[in-house]
1. Taking the condition of being in a strand (DSSP E or B) and charged (D, E, K, R), how many residues in segment 32-86 meet it?
2. Condition check: out of contact with any Gly (no Cβ under 8 Å at 6 or more places or on another chain), among the hydrophobic types (A, V, I, L, M, F, W, C) and outside the structural domain of residue 30 (by TED's automatic domain parsing). Does residue 156 satisfy that?
3. Applying the selection to segment 113-149, what residues are in a loop (DSSP other than H, G, I, E, B), on the phi < 0 side of the Ramachandran plot and small (Gly, Ala, Ser)?
4. So, in segment 49-70, exactly how many residues are of a type outside the set (Val, Ile, Thr) and modelled with pLDDT of 95 or more?
5. Name the residue, out of 112, 33, that is more than 24 Å from residue 165 (Cβ to Cβ) and among the β-branched types (Val, Ile, Thr).
6. Six or more apart or on different chains, Cβ under 6 Å: which pairs go from a residue in segment 120-149 that's within 24 Å of residue 92 (Cα to Cα) to one that's surrounded by 14 or more Cβ atoms within 10 Å (Cβ to Cβ) and acidic (Asp, Glu)? Could you list them?
7. For a quick check of your reading of the model, give me the residue pairs whose first member lies in segment 171-185 and is within 12 Å of residue 146 (Cβ to Cβ), whose second is in a loop (DSSP other than H, G, I, E, B) and modelled with pLDDT of 70 or more, with beta-carbon atoms closer than 9 Å and at least 6 apart or on different chains.
8. Give the number of residues within segment 91-122 that are of a type in the set (Ser, Thr, Tyr) and touching a helix residue (DSSP H, G or I) at 6+ places or on another chain (Cβ under 9 Å).
Amino acid sequence: MKQYTKALFTLLYILGTSQIGYSQTDQIMQKYIDAGTPGPNHKKLNVFVGKWITSSEEAQGEGKPPVISKGSAEIKWVNENRFLQFTTSGTQFGMPFVSVSLMGYNNLRKKISSVWSDNSSTSFFISEGTIDEQGDLITLFGKTDDPATGEFDKAWKVIWRLSPNRLVQEYHDISNDKTKQTKMFEIVFERAK
């Protein structure tokens with residue numbers, strides 16, 4: 001398989017250089033390399049790596065106490081330190097809950113990108129946003145489908161507050177009124193000892 005792949009890239013390289021010239025091909029290749037190489041913003045995400053104990057609070061409406069759930073998470077680098085893979089498990093409304101997500105810094109867009117899936121849905125939650133200069137705050141905006149309301153492309157704001165042994169993730173519903181952000185749930189990650 002490696003020989004086939006190497007031969008294919010060699011053929012594409014030859015064809016490419018014969019069409020656009022050697023120096024142009026080198027420039028194009030360098031752009032791909034630069035866009036695909038982890039950098040300082042990837043290093044800021046190292047704080048996530050490890051095993052975590054989680055506690056979440058989900059709002060149930062005005063005047064009602066939140067539902068509290070416990071769980072665990074493991075976060076590790078994948079694809080040669082380009083993306084973080086989050087694997088979580090616990091309960092939600094008394095039922096088993098697992099999720100898998102990927103998050104990384106997109107060098108081309110200069111933004112954090114994330115995709116999340118879980119065992120309670122058949123849709124993805126896809127978001128994109130920024131990480132601050134110090135690397136202790138990530139703000140993402142995304143959309144997902146809401147089976148409770150039947151709403152498609154429901155808008156969410158996700159905030160991560162980062163420190164070495166504690167991560168706090170907040171989800172805010174910003175669909176209806178962009179000036180009024182409703183915190184729907186919060187997950188606290190405490191580093192496992």
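The values are calculated or read from the model by the stated rules, or taken from the named source; none is laboratory data. No experiment lies behind these values; they were computed from the predicted model shown. Here Cβ is always computed from backbone atoms with ideal geometry, including for glycine, and neighbour counts include all displayed protein chains.
1. Just the residues of segment 32-86 that are in a strand (DSSP E or B), to begin with: 50-58, 67-78, 83-86.
In the following step, the residues that additionally are charged (D, E, K, R) were identified as 51, 57-58, 70, 74, 76.
Within segment 32-86, residues that are in a strand (DSSP E or B) and charged (D, E, K, R) number 6.
2. On the way: out of contact with any Gly (no Cβ under 8 Å at 6 or more places or on another chain): no; among the hydrophobic types (A, V, I, L, M, F, W, C): yes; outside the structural domain of residue 30 (by TED's automatic domain parsing): yes.
For residue 156, the condition - out of contact with any Gly (no Cβ under 8 Å at 6 or more places or on another chain), among the hydrophobic types (A, V, I, L, M, F, W, C) and outside the structural domain of residue 30 (by TED's automatic domain parsing) - is not met.
3. To start, the set of residues in segment 113-149 that are in a loop (DSSP other than H, G, I, E, B) comprises 119-124, 132-136, 147-149.
When the remaining residues are screened for being on the phi < 0 side of the Ramachandran plot, the result is 119-124, 132-134, 136, 147-149.
Listed by number, the residues that qualify are 120, 121, 123, 148.
4. Kept after step one, since they are of a type outside the set (Val, Ile, Thr), are these residues of segment 49-70: 50-52, 55-66, 69-70.
Filter again for modelled with pLDDT of 95 or more, leaving 50-52.
Residues meeting the conditions: 3.
5. Working: 112 fails: more than 24 Å from residue 165 (Cβ to Cβ).
So the residue among 112, 33 that is more than 24 Å from residue 165 (Cβ to Cβ) and among the β-branched types (Val, Ile, Thr) is 33.
6. Once the first residue is within 24 Å of residue 92 (Cα to Cα) and sits in segment 120-149, its partners that are surrounded by 14 or more Cβ atoms within 10 Å (Cβ to Cβ) and acidic (Asp, Glu) give 123/145.
7. 175/149; 184/59
8. First pass over segment 91-122, keeping only residues of a type in the set (Ser, Thr, Tyr): 91, 99, 101, 105, 113-114, 117, 120-122.
Next, only the ones that are touching a helix residue (DSSP H, G or I) at 6+ places or on another chain (Cβ under 9 Å) stay: 105.
Within segment 91-122, residues that are of a type in the set (Ser, Thr, Tyr) and touching a helix residue (DSSP H, G or I) at 6+ places or on another chain (Cβ under 9 Å) number 1.
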